[in-house]
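Single-structure report; data block below.
The values are calculated or read from the model by the stated rules, or taken from the named source; none is laboratory data. Please read all numbers here as calculations on a predicted model, not as lab measurements. Neighbour counts are summed over all protein chains in view; Cβ atoms, including those assigned to glycine, are modelled from backbone coordinates with ideal geometry. Remember, those area values only see protein heavy atoms, side chains included, never the ligands or the DNA or RNA. Shrake-Rupley method; radii C 1.70, N 1.55, O 1.52, S 1.80 Å.
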Amino acid sequence: MTIFEKSVKGRKGFKLPEGSVPFEGKDLPDHLIRTRKLALPELSELDVVRHYTELASKNYSVDKGFYPLGSCTMKYNPKLNEFLASLGGFTEIHPYQPVETVQGALQLMYELKEALCEITGMDEISLQPAAGAHGELTGMLIVRAYHLSRNDTKRNVALVPDSAHGTNPASAAMAGFEVIELKSTEDGLLDVEELKKHLNDRVAVLMLTNPNTLGLFEKDILEIAKLVHEAGALLYYDGANLNAIIGRFRPGDMGFDVVHLNLHKTFSTPHGMGGPGSGPVGVKQFLARFLPVPLVRKSKDGSYYLDYDLPESIGRMRSFYGNFSVLVKAYAYILTMGEDGLKRASEMAVLNANYLRKLLSKYFKVASERTCMHEFVVDGSEFVKKTGVRILDVAKRLLDYGVHAPTVYFPLIVHEAMMIEPTETESKQTLDQFAEIMGKIVDEAIKNPDLVKSAPHNTPLKRLDDVTATKNPIYRYQ
């Protein structure tokens, strides 16, 4: 039942006091002045509290259960970081205060930037982009600005592997590039010979993530970087999978020129509907002059300031200087973990993924038999032929067992794909329980396939008509 259906005429919870400033609407055009009262529901405070508490209890979160999501790291976020970000010194300042009154905030941003440079092997970082895809667009605009600064106007092609995150080609296209897809090898890696065929004086950039979306480390990355640079192009790093390599490998040491990070995936901040996100962009020194303005700098006297003196900057990418509360949480996470803790986290992410991969290989074919990094992909094509039950059905049935469904049908190069990423924050007991549940669902698919095909059965809403919801969405309550 919606909150509008619970409305009772005349019932009130709170009434705002009358405004002390008279308003007659004389300064507004007629079409902006409301002619009838807002159709707001009428409820008591108790009604409202109970309604939203009930909705919250129906919602799923990483605090409530396991997210084996894949592609998007959904790990537990320590409540300490949330508490720190809520401190008054952070929440009660305004971004446009004079810099001398917000030195603590600027110091935090500067030190976070320096830490991220060290982690990624980059020379300079902008904290401005608001999310991962926004960081991608920022990075690609920097790539374009670099080539244009050299009057290399022919370079309008972005090479993107067929296993790339879907936002990669979209971001490249938005930045004005023609996107050419590169086929992967049979074992799921970038095909170096295929890359060689496409490298020419029109290529501006190769977009890559390492490890890739199959959870495999691109073992030829140094050769790939050499080939790309010899062709006069740049190498772009999608940081979505950085959680797998922190403390062991740095994108900058692999030869990447531009990096975007997902603080909301890797550095302990809420993700998606728990947002907002943050997508900092790091570059090597020769690209620093193109970063968005302003950059946070440190003066010789130890004070901090905002530097707008970048004549070749691509400009401002968002209001203010980034999603500051997210930056606070990431800074707190890095300080708490330290170098050894960050390295340990990535090692545990890889260990958990490989442990779970071995457990699930009893029930499903795994897309690659190679040791994976932080995630792996199940190839459900043989399972579907045997049972008639699709991987989507398995994902829906998981909801009945209190587990959030993993990413399905991605990457597109694997038929009936299920991408699984357990993250480092999950225990062996949780992974064992998840594997046991998957085994039960496989058994159900063999003995009673209709049970799985009609799942979920225990959720507030049963199986939705996804196609109709996508093609004919209802945006508002009538």
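Under 5 Å from the amide H of residue 179 lie the amide H atoms of 158, each residue being 5 or more positions distant or on a separate chain, with H modelled from the backbone and absent for Pro and chain starts. Estimated at 0.36 nm per residue, the fully extended path between residue 154 and residue 429 surpasses their Cα-Cα distance by 93.5 nm.
The residues of the chain expose on average 51 square angstrom of accessible surface per residue, using a 1.4 Å probe on protein heavy atoms. Using the Cα gyration tensor of the range 1-134, with a ≥ b ≥ c the square roots of its eigenvalues, what is the shape: rounded (a/c below 1.5), prolate (a/b larger than b/c) or oblate (neither)? It is oblate, given that a/c is not under 1.5 and a/b is not larger than b/c. Dipole size of the range 4-56 about its Cα centre, with +1 on Lys/Arg Cβ and -1 on Asp/Glu Cβ: approximately 200 debye, rounded to the nearest 20.
In the range 413-478, the portion of solvent-accessible area held by carbon and sulfur atoms comes to 53 percent [1.4 Å probe, whole percent, DNA, RNA and ligands not counted].
In the calculated pair-distance distribution of the chain, the portion above 44 angstrom amounts to 22 percent of the Cα-Cα pairs. Here the peptides 73-86, 406-419 are ranked by packing, the mean other Cβ count within 10 Å, and the order with the highest first is 406-419, 73-86. Rounded to 0.05, the FRET efficiency of the residue 309 and residue 76 pair, given R0 = 51 Å and the Cβ-Cβ distance, is 0.80. Annotation for residue 301 and residue 99: the two label points, set 7 Å from Cα along the Cα-Cβ direction, are 1.2 nm apart. The HN-Hα couplings worked out from phi for the range 170-180 by the Karplus form 6.51 cos²θ - 1.76 cosθ + 1.60 (θ = phi - 60°) are 5, 5, 4, 5, 4, 7, x, 9, 7, 9, 10 Hz, whole numbers, x standing for Gly and Pro. State the number of lysine pairs found in the range 1-71 whose Cα atoms come within less than 19 Å, restricting to pairs 8 or more positions apart or on distinct chains. Counting lysine pairs in the range 1-71 gives 7. Per residue, the Cα convex hull of the range 372-449 amounts to 89 Å³.
Across the range 250-300, the fraction of Cα-Cα pairs farther apart than 19 Å, rounded to a whole number, is 45%.
Modelled this way, with points 7 Å down the Cα-to-C-beta line, the labels at residue 179 and residue 358 are 3.8 nm from one another. In plain terms, the chain from residue 465 to residue 18 could stretch by 156.3 nm, reckoned as 0.36 nm per residue minus the Cα-Cα distance. Each of residue 285 and residue 447 was given a label point 7 Å from its Cα along the Cα-to-Cβ line. The distance between the two points is 6.7 nm. Placing R0 at 45 angstrom, the Cβ-Cβ distance between residue 340 and residue 45 gives a FRET efficiency of 0.40 after rounding to 0.05.
Adding -39500 (n - 2.57) for every DSSP H run of four residues or longer, then dividing by how many residues the chain holds, sets the calculated 222 nm ellipticity at -11500 deg cm²/dmol.
Computed from phi, the 3J(HN,Hα) profile of the range 360-373 under the Karplus parametrisation 6.51, -1.76, 1.60 (θ = phi - 60°) reads 6, 5, 6, 10, 9, 6, 9, 4, 9, 7, 5, 4, 8, 9 Hz, with x in place of Gly and Pro. Taking amide hydrogens as placed 1.01 Å from N in the peptide plane, the amide H of residue 388 sits under 5 Å from that of no residue at least 5 positions away in sequence or on another chain.
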